[in-house]
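All remarks here apply to the structure that follows.
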Amino acid sequence: MADPILQKIAEHLVETEDVVILPHINADGDALGAALALGLALTDMGKQVDILLEEEVPSNLDFLPGQELIKTNPREQYSTAVNIDNGDISRLGKRESYFWNAKTRLSIDHHTTNRVKAHYSYVNTKASATGEIVYDLLLNYFKGNLNKDISLCIYTAIVTDTGGFRYTNTTPETLMICADLMRHEIDFPYVIKKVFDMISYTKLYLMKKTINSLILLEDGKLAISYLTYGDIQNYDVKNDDFEGLVNIGRNLEGVEVSVFLREDSEGNFRGNLRSNNYVDVSEIAEIFNGGGHKRAAGFNSSDTREELIKKLIAVIVPKIRREA
């Protein structure tokens, strides 16, 4: 049965002439894959589509088709803006005005902590990735045909947000969607290799620094690691070099919650949270004005590293003890 909100979103996209698609800052595989897939589909429908990013495409995603839609000289105003894979409009950064200035504002997301206000906002927390929602939108509401490029983008969106189908957000529906995408002869082994396996020498250095900083608390159930501004300022670090560093702690036997902190600029930390079995890290992230999913979430903080770690321990340890 058709969802009335997604139906309205589809109707607006069919009727509009120009669209700006806005993924969250530091766009990951889901945000960028979903944005490119939607953009390619709308372009095939004759729409003028601009995708705006805050940063360069990460090297582990530079194989994705449709990057010609990513613009550096946007219009002043668009008829329709689509916030995609983003539960907090402030995470559009410098591009937020393009969302508010659009005549029609739409939002498509799957985060449980979503608080975006739009003319039509669709949030499906059961979807493993926003890419799943885009697949549903294109197939069942646009009644369009998937092609190889669109399928590759959606597959990448899903495989990244499920950790290669290893995370608990993977559902039977997830696997059926990906099976359908594979029928379009996408090079799925290359996607896995590019997204998960290939690393730069810079990332190897960051992994070493992260491991050296790691501490274990609460009988090994809580892992905390970090990179300071001094660790990274003298290196040509790309955003994708930080991908997966939180899993160094998460993958240790016995760890329930892993925290990874990186100081992007002096005094400003970006926090990544992961859990393995029972702690809802989205609740922890919300305490620090962030958000995400039960098993993966994030936040930003201007506390000192020592203060931030103390606050995190105070919040996380009771959850580990209570929910164990």
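The values are calculated or read from the model by the stated rules, or taken from the named source; none is laboratory data. Since the model is a prediction, treat every value here as computed from it, not as a measurement. With ideal geometry, Cβ positions are generated from the backbone for all residues, glycine too; neighbour counts draw on all protein chains shown.
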Fill in: Test: residue in segment 301-323 that is small (Gly, Ala, Ser), under 24 Å from residue 164 (Cα atoms), touching a Leu at 6+ places or on another chain (Cβ under 8 Å) and outside any loop (DSSP other than H, G, I, E, B)
no
Discussion item. Give all pairs with beta carbons closer than 6 Å in which a residue from segment 234-260 that is under 21 Å from residue 221 (Cβ atoms) meets a residue that is aromatic (Phe, Trp, Tyr); count only pairs at least 6 apart in sequence or on separate chains.
Written reply: 245/260; 246/260
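Yes/no matrix, rows are residues, columns are (1) buried (at least 20 other Cβ atoms within 10 Å of the Cβ); (2) touching a residue at least 60 places away in the same chain (Cβ under 8 Å); (3) charged (D, E, K, R); (4) touching a Leu at 6+ places or on another chain (Cβ under 9 Å):
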position	(1), (2), (3), (4)
2	no, yes, no, no
17	no, yes, yes, no
43	no, no, no, yes
52	yes, no, no, yes
Worksheet item: Mind checking whether some residue in segment 76-94 is surrounded by fewer than 22 Cβ atoms within 10 Å (Cβ to Cβ), of a type outside the set (Val, Ile, Thr), at positive phi and within 19 Å of the chain's Cα centre (by Cα)?
Response: yes
Worksheet entry | segment 294-318 - residue that is among the basic types (Lys, Arg) and at pLDDT 95 or above and, of those, surrounded by the fewest Cβ atoms within 10 Å (Cβ to Cβ) | 310
Worksheet item: Before we move on, is residue 234 in the same structural domain as residue 276 (by TED's automatic domain parsing), among the polar types (S, T, N, Q) and closer than 18 Å to residue 163 by Cα?
Response: no
Worksheet entry | Checking residue 138 against (1) within 22 Å of the chain's Cα centre (by Cα); (2) over 21 Å from residue 296 (Cβ atoms); (3) modelled with pLDDT under 95, the condition it does not meet | (3)
Discussion item. Could you check segment 176-191 and list, in sequence order, the residues that are assigned to a helix (DSSP H, G or I), crowded, with 16+ Cβ neighbours inside 10 Å and aliphatic (A, V, I, L, M)?
Written reply: 177, 181, 191
Response to the item:
Condition set touching a residue at least 40 places away in the same chain (Cβ under 8 Å) and under 17 Å from the mean Cα position of the chain (by Cα), scope segment 262-284, selection nearest to residue 88 (Cα to Cα): answer is 282
Worksheet item: How about segment 195-276: which strands (runs of 3 or more DSSP E) wholly inside it have at least 1 residues that are among the aromatic types (Phe, Trp, Tyr)?
Response: 222-227, 257-265, 268-275
Worksheet item: Within segment 26-136, which helices (runs of 4 or more DSSP H) (wholly inside it) include 2 or more residues that are in contact with a Lys or Arg (Cβ under 9 Å, 6 or more places away or on another chain), among the basic types (Lys, Arg) and in the same structural domain as residue 297 (by TED's automatic domain parsing)?
Response: none
Worksheet item: Take the residues of segment 281-293 that are crowded, with 18+ Cβ neighbours inside 10 Å and not hydrophobic (A, V, I, L, M, F, W, C): which is farthest from residue 110 (Cα to Cα)?
Response: 290
Worksheet item: Has segment 36-54 got any residue that is over 19 Å from residue 186 (Cβ atoms), touching an Asp or Glu at 6+ places or on another chain (Cβ under 6 Å) and basic (Lys, Arg)?
Response: no
